[in-house]
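See below for the structure under consideration.
Throughout, read-outs are computed from the coordinates displayed, never taken from laboratory work. No experiment lies behind these values; they were computed from the predicted model shown. Here the Cβ positions follow ideal geometry from the backbone for every residue, glycine too, while neighbour counts run over all protein chains shown.
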Amino acid sequence: MRYLLRVTRWIDWLSLQAAKLAISLVLICALVSVLNAFSRYVFDLSSNAWLELQWYMFGGIVMLGGAHLLNTNGHIRVDLFYLKLSPRQKLWLDLFGLSIFVIPFSLAMTVYSWPWFIEAWYLQEISANAGGLFRWPVKILIPIGFSLLILQGFAEIVKRIAALRGEFVINTHYERMEQ
């Protein structure tokens, strides 16, 4: 179990690095948005490429940040039952959700999105919009993001099993989001 917990630290680090990239994309996306608006209103110059670039970066933000969100317990839960459970019951519910929903869904998304990326890369698919960008850079984000989620899901399963065995401490506290 100690070896697996060391592996989880590496996975946590990898998720954090992807999240840092996602955070930098937020800043770059905002900068592109400002520059696009500036060039459109000041110089009357605009391109669909700038808008598509923003969409691509937004996709990167979502796909690269998801694993770290799972790691930090920042994801939204269906808290109908979760808030009423004991810490041990929460660990069991997390184990169930991770192994029955998160891992299989992420695995399916990775497997099914990979050929979609390969086709776009092989054909050098370009957006149909005037001034559009290549599509493969945004399409690769889907299998990468879900692969990161698989790894983080595995790490969270290991941590919960270790916590149930008394070998690891997990803070199961979860606050309901304010409405």
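A few points about this structure:
- Meets criteria (outside any helix (DSSP H, G or I) and β-branched (Val, Ile, Thr)) for THR172: yes
- Residue count for region 53-85, restricted to those that are more than 20 Å from the chain's Cα centre (by Cα) and surrounded by 14 or more Cβ atoms within 10 Å (Cβ to Cβ): 2
- Each residue in region 118-136 was checked for being without any contact (Cβ under 8 Å) to a residue 60 or more places away in the chain, surrounded by 14 or more Cβ atoms within 10 Å (Cβ to Cβ) and either in contact with a strand residue (DSSP E or B) (Cβ under 9 Å, 6 or more places away or on another chain) or among the aromatic types (Phe, Trp, Tyr) (or both), and 6 pass.
Okay, residues lined up against (1) within 23 Å of the chain's Cα centre (by Cα); (2) of a type in the set (D, E, K, R); (3) over 21 Å from SER15 (Cα atoms):
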site	(1), (2), (3)
LEU93	yes, no, yes
PRO104	yes, no, no
ALA128	no, no, yes
ARG135	yes, yes, yes
PHE146	yes, no, no
LEU164	no, no, yes
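- Cβ pairs under 8 Å, 6+ apart, first in region 97-117 and at positive phi and in contact (Cβ under 8 Å) with a residue 12 or more places away in the chain, second hydrophobic (A, V, I, L, M, F, W, C) and surrounded by 12 or more Cβ atoms within 10 Å (Cβ to Cβ): none
- Residues of region 1-13 that turn out to be out of contact with any helix residue (DSSP H, G or I) (no Cβ under 7 Å at 6 or more places or on another chain) and surrounded by 15 or more Cβ atoms within 10 Å (Cβ to Cβ), as a count: 0
- Residue selection: TYR41 fails the criterion of being part of a helix (DSSP H, G or I), of a type in the set (Phe, Trp, Tyr) and either under 30 Å from PHE154 (Cβ atoms) or under 15 Å from the mean Cα position of the chain (by Cα) (or both).
- When LYS90, LYS84 are checked against the criterion of being of a type in the set (Lys, Arg) and in a helix (DSSP H, G or I), a single residue qualifies: LYS90.
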